[in-house]
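Have a look at the structure below, then the notes.
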Amino acid sequence: MTPVPPPARKHLGQNFLVDPNIVRKIVEAAALTSEETVLEIGPGRGVLTRALCAVTRRVQAVEIDPRLCAYLREALADCPNLELYEGDALHWPLDQLPQESAVVANLPYYLSTPLLLRLLDARPRLSRAVVMLQAEVAHRLVARPGTKDYGSLSVAVQRASEPRVLFRVSPNSFRPRPEVDSAVVSLTMCRSTLSVEVERVCQRLVRSAFAHRRKRVVNSLRDEGWSAEEIDLVRQALAPRPDRRAEEVSPAEFADIANRVAAWTGATGSDQ
Ligand code: SAM
């Protein structure tokens, strides 16, 4: 007997893809080889999972909803290359993925930002990610400095990867229909050129700089407890326009400032 899928749970972001054309376009965009391992976050009712299992060697799928896991074990019993795990993708040990794994997912939208940040942190293991997101978040990922969508997420994503918005997806492609438009994005991961220490400073810098979006970077850092010496370094790095707001500073400039601050803290032994 064909198993019956459980009803959708809104609080888990369960908007299931029902348009085979979109499933095909996502799989094509991922350009998987038969040798790759793919991680799918939130397989849901398994439409994308089945298509991934058809084109690659090994699919690992992490689903938080035990009802869906029980359903998938039956419905996808004919996919021997599927490894299904019941659990929270936010706590999934991404560092245990094989090198050069890919991520393909229609993400649960209520968790898309923390999940994206986790994927960026795991980039030594990942070659790329092709993910469906709210269209509004997708625009933030690729936003350029000086635009209204540019923020700390844009900086984090553009420092760690090359993001591209591939195509938009209408709410009609899902059941139940979500209230927002969606978009599929690819992130080609970059190797980090910063040391762990500079990376840490950069993350603190970006967080503090955007904490008070309407203020100038130097004032925002002061409000966030940065020392006068550090702020002076930041002011010099922002020359010849030291009075800029965070939204006017590019990802490369944030990395440059972090390098200078980390070199100074390393040389003086001072740290926050
Ligand atoms: N991949 C399916 C599709 O395209 O139809 C389902 C996508 S649906 C937008 C998101 C899926 O993520 C749901 O199955 C939901 O239960 C699952 N999910 C939600 N939070 C999760 C979490 N923290 N960890 C793993 N899966 C999660």
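Tabulated data
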| item | result |
| --- | --- |
| Least to most buried among Ser220, Ser170 (fewest other Cβ within 10 Å first) | Ser170, Ser220 |
| Per-residue [θ]222 nm for the chain (sum of -39500 (n - 2.57) over DSSP H runs n ≥ 4, rounded to 500) | -11500 deg cm²/dmol |
| Gyration tensor (alpha-carbon) shape descriptor, the range 28-167, a/c threshold 1.5 | prolate |
| Residue list for the range 141-162, given a label point 7 angstrom along the Cα-to-Cβ vector of Thr113 and an amide N cut-off under 16 Å | 141-143, 148-158 |
| 27 Å Cα-Cα reach of Lys25 towards lysines, excluding residues that sit fewer than 8 places from it in its own chain | Lys10 |
| Per-pair calculated FRET efficiency, R0 = 45 Å: Arg241 and Glu28 via Cβ, rounded to 0.05 | 0.55 |
| Fewest-first sequence of His11, His139 by Cβ atoms within 10 Å of each Cβ | His11, His139 |
| Fewest-first sequence of Trp264, Trp226, Trp92 by Cβ atoms within 10 Å of each Cβ | Trp264, Trp92, Trp226 |
| Test item: Cα-centred dipole of the range 31-187, Lys/Arg +1 and Asp/Glu -1 on Cβ, debye | 440 debye |
| Descending semi-axes in Å of the range 201-243, equivalent ellipsoid built from Cα gyration tensor | 14, 12, 10 |
| Counting DSSP beta bridges with both ends in the chain, the antiparallel % (nearest 5) | 50 percent |
| Assigned charges on the beta-carbon of Lys, Arg, Asp, Glu; the range 1-95 dipole about Cα centre (debye) | 340 debye |
| At R0 = 35 Å, FRET efficiency that the Cβ-Cβ distance of Glu100 and Ala263 yields, to 0.05 | 0.60 |
| Cα coordinate range in the range 122-272, projected on the principal axes (Å, largest first) | 57, 35, 25 |
| Kirkwood-Stokes translational diffusion coefficient of the chain, alpha-carbon pairs, 37 °C, 0.692 mPa s, µm²/s | 164 µm²/s |
| Local electrostatic count at Cys190 - Lys and Arg +1, Asp and Glu -1, tallied over other residues with Cβ under 11 Å | +3 |
| Surrounding net charge for Arg214, when Lys and Arg each add one and Asp and Glu each subtract one, Cβ distance under 11 Å | +3 |
| Across the chain: Cys residues that no other cysteine approaches within a C-beta distance under 4.7 Å | Cys69, Cys190, Cys202 |
| Added length on full extension, which subtracts the Cα-Cα distance from 0.36 nm per residue, Arg164 to Val196 | 8.9 nm |
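Read-outs throughout are calculated quantities, based only on the coordinates presented, and are distinct from any laboratory measurement. Values in this document were obtained by computation on a predicted structure and should not be read as measured data. Note that we place each Cβ from the backbone using ideal geometry, even for glycine, and neighbour counts take in every protein chain shown.
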